[in-house]
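Following: one structure in structure tokens, then a few remarks.
Only the coordinates and a few stated rules stand behind these numbers; no lab work does. Keep in mind it's a predicted model, so treat the numbers as computed, not measured. Every residue, glycine as well, gets a Cβ built from its backbone with ideal geometry; the counts of neighbours run over all protein chains shown.
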Amino acid sequence: MTIREVLDAYVADLTLRGARPGSQQNARRIAARLSAVLGEQDAERITPSVINQYAGLRLAEGIQASTINHHLKILRAALRRAHEDGLIDRLPRVRGVRANAPVPTYLTAEQLDRLERAAWEISRDAGLAVAIARYAGLRHQEILHLQWRDITAEAVTVCAKPEVDWTPKTHAERRIPTAPALWAAVKPHRRGRSPDAWVFPGHRGKPKATLTPEIADSFRYARLHDRKLRPGLHLLRRSWATLLAGAGVDIATLRELGGWSSLAVVERYVRSTPARKIDAILRAFGGADEA
């Protein structure tokens, strides 16, 4: 007896027993998803590797582990019913999957807008830091070690600061073209400032030690404080890279702009968005109107 036949019998039994319409519909939907992958498998010979294959496919689709375990709960119930009814001699063991829900590694444009508005409400430093991270993709320490001469209408420059014994992570200077939105945010705060002054001044002529408290407050104020998001300036750097990749920037250019040591590192930062996946299919195979 196949898995498909076991699931069909289980759904039919729910109908005969007068289960609630919602429960019947839910079981029918899940049975169809299970059958699409496992349908032709021998019900008595189902193995953990087969279950892992199903779980892996569903996880790759972005389905939560808890949802997959609910699917497997239906499969266990169907197998148990088939065994009780004498349809199968052996009751196979079906284990649930243990997997963390996918952690979002970038913010959407709408979330970034919310965060930037919230940051300006928190403080001038929070607003500037979020704008710089959002539009230039700088690391936390790179933002802290900016002087006003490093931000112009043309570019944001990351370079060594010998006066405080600091160098960028890759020990190389880089220039990121200034986005119009970033210049609009920075320009009012730049007027009247000495070019040598720190953008985020601290004590005794040194830059501020950290921006973490203000950024954490900004995420909370924007209602983006879910622990799964791992809030912080690093998340904005990932978002910056992901949005640039979505706009068609090649990975080699991304590496230069972000100051990463290798292309492999860039690939860990950039995440494919649903829109990028759809765009890739449309560019490769054409839109529906071309069918």
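Summary table
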{"quantity": "Net lengthening on full extension, LEU16/ARG80 (0.36 nm per residue, minus Cα-Cα)", "calculated": "21.3 nm"}
{"quantity": "Amide H partners (placed H, <5 Å) of GLN147, local residues excluded", "calculated": "VAL199"}
{"quantity": "In order through the stretch 193-209: 3J(HN,Hα) via Karplus (6.51 cos²θ - 1.76 cosθ + 1.60), integer Hz, x for Gly, Pro", "calculated": "8, 5, x, 8, 6, 6, 5, 10, x, x, 9, 6, x, 9, x, 4, 6"}
{"quantity": "³J(HN,Hα), Karplus 6.51/-1.76/1.60, whole Hz, each residue of the stretch 175-190, x for Gly, Pro", "calculated": "10, 10, x, 7, 5, x, 5, 5, 5, 5, 6, 7, 3, x, 8, 8"}
{"quantity": "The chain, dipole about Cα centre (Lys/Arg Cβ +1, Asp/Glu Cβ -1), debye to the nearest 20", "calculated": "800"}
{"quantity": "Virtual paramagnetic centre 7 Å along Cα→Cβ of THR152, amide N under 19 Å, in the stretch 168-193", "calculated": "173-193"}
{"quantity": "Karplus-derived HN-Hα couplings along the stretch 32-47 (A = 6.51, B = -1.76, C = 1.60, θ = phi - 60°), whole Hz, x at Gly and Pro", "calculated": "5, 5, 5, 5, 4, 9, 10, x, 8, 6, 5, 4, 7, 10, 5, 10"}
{"quantity": "Neighbour net charge for ALA185 - beta-carbon separation under 11 angstrom, K R +1, D E -1", "calculated": "+3"}
{"quantity": "Most to least packed among 176-185, 125-134, 196-205 [average Cβ atoms within 10 Å]", "calculated": "125-134, 176-185, 196-205"}
